[in-house]
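Right, one structure below, let's go through it.
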Amino acid sequence: MERTFLMVKPDGVQRGLIGRIISRFEDKGFKLVAGKLVQISSIQAQTHYAEHEGKPFFGELVDFITSGPVFAMVWEGDDVIALSRLVIGKTKVTEALPGTIRGDFAAHTPFNLIHGSDGPESAEREIANFFEAQELLGYSKNLDLWI
Ligand code: RTP
Ligand code: MG
């Protein structure tokens, strides 16, 4: 079973989109195994986006991601890394298709609402940057019990 790190960025938190963003992943059938609202430090942001260090937009990106709380999450499911990036949509708002989170809600490229890990190694590294092992909760969905 695969896990990914997803994070509603400060624009998504402040626009009141946490609930609707979470719904997209619940609707897809993935399982939420950790989540918290967190104000990240500049160091933590630089670690998270280390692959972009040196790029012209790096400073702006770190400022943006530390400008307010983010909602950090870990989700579990088959192929959750690749599938959640499809649910999220393309990085540039001019390329993000309707039906995706960015396509439906984002209007300016750096402010594209949500981050999703781009592979198994980044997922592992990003989860460790935000969560202690004991914060990840395994459980079964016993739907017959409740409905
Ligand atoms: P993310 O890492 O946040 O999930 O986004 P991504 O994989 O779709 O895009 P990536 O290439 O990793 O870029 C990380 C974030 O940096 C901002 N960005 N700004 N001004 C620009 O040209 C530019 N390019 C990227 C975006 O917030 C992007 O999500
Ligand atoms: Mg990325």
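The values are calculated or read from the model by the stated rules, or taken from the named source; none is laboratory data. For clarity, every value in this text was computed on a predicted model and none was experimentally measured. Cβ placement follows ideal geometry from the backbone for every residue including glycine, while neighbour counts extend to all protein chains displayed.
Please state which one of Val74, Val80, Val87, Val93 is hydrophobic (A, V, I, L, M, F, W, C) and within 11 Å of ligand 1 (Cβ to nearest atom). Give the steps one after another, and end with the answer.
On the way: Val74 fails: within 11 Å of ligand 1 (Cβ to nearest atom); Val80 fails: within 11 Å of ligand 1 (Cβ to nearest atom); Val87 fails: within 11 Å of ligand 1 (Cβ to nearest atom).
On inspection, the qualifying residue turns out to be Val93.
Taking the range 85-147 as the region of interest, the helices (runs of 4 or more DSSP H) fully inside it that hold 2 or more residues being more than 16 Å from ligand 2 (Cβ to nearest atom), of a type outside the set (Ser, Thr, Tyr) and modelled with pLDDT under 95 are 143-146.
In the range 11-66, the qualifying residues are those that are of a type in the set (D, E, K, R) and within 13 Å of ligand 1 (Cβ to nearest atom), and the one that is nearest to Ala123 (Cα to Cα) is Glu51.
Selection of the range 20-32 for residues being under 13 Å from the mean Cα position of the chain (by Cα) and under 9 Å from Trp75 (Cβ atoms) yields Phe25, Leu32. With a requirement of 1 or more residues that are buried (at least 16 other Cβ atoms within 10 Å of the Cβ) and within 16 Å of ligand 2 (Cβ to nearest atom), the helices (runs of 4 or more DSSP H) lying completely within the range 12-70 that satisfy it span 42-48, 58-65. For Leu143, the requirement of being under 21 Å from Gly29 (Cα atoms) and not hydroxyl-bearing (Ser, Thr, Tyr) is met.
Annotation note: Cβ proximity below 6 Å between a residue of the range 113-131 that is touching a residue at least 24 places away in the same chain (Cβ under 8 Å) and a residue that is within 9 Å of ligand 1 (Cβ to nearest atom) and among the hydroxyl-bearing types (Ser, Thr, Tyr) (sequence gap 6+ or interchain) occurs for Ala123/Ser117; Glu126/Ser117.
Report whether or not Glu76 is in contact (Cβ under 8 Å) with a residue 40 or more places away in the chain, in contact with a Phe, Trp or Tyr (Cβ under 8 Å, 6 or more places away or on another chain) and away from ligand 2 (no atom under 16 Å from the Cβ). So Glu76 fits the description; yes.
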